[in-house]
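The values are calculated or read from the model by the stated rules, or taken from the named source; none is laboratory data. Given the structure is predicted, the values throughout are model-derived calculations rather than measurements. Methodologically, a virtual Cβ is constructed for each residue, glycine included, from the backbone with ideal geometry; neighbour enumeration extends over all protein chains shown. In case anyone asks, the SASA skips ligands and DNA or RNA and just uses the protein heavy atoms, side chains included. Shrake-Rupley method; radii C 1.70, N 1.55, O 1.52, S 1.80 Å.
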Amino acid sequence: MNNEDSENLVTVYSTANHAIIALVKSMLDEAGIEYLAKGDNIQNVYAFDAFPVDFQVMPENEEFAREL
């Protein structure tokens with residue numbers, strides 16, 4: 001995903017739970033949907049479940065990503 005694409009991203013899910021973060025990543029990867037896990041780096045630095053991770057996708061993938 002390039003910088004121009006990141007301006008158009010849509011948040012489809014947000015969670016601070018590490019187990020769910022891993023599950024969502026796996027589901028999006030398996031479906032072949034490119035995504036940005038915004039806040040994932042912060043989650044690795046601070047306390048467990050301290051900050052949410054926002055999963056963002058391109059608008060054309062929004063509906064399918066939400067269904068997953």
Query raised in the report: When both residues are 6+ apart or on different chains and their Cβ atoms are under 8 Å apart, which pairs have a first residue that lies in the range 12-32 and is farther than 22 Å from GLU60 by Cα and among the basic types (Lys, Arg), and a second that is part of a helix (DSSP H, G or I) and modelled with pLDDT of 95 or more?
Result: none
Query - All positions within the range 6-42 that are open to solvent by 70 Å² or more (accessible area, probe 1.4 Å), of a type outside the set (A, V, I, L, M), modelled with pLDDT of 95 or more and not in a loop (DSSP other than H, G, I, E, B) - result: TYR13, ASP29, GLU30
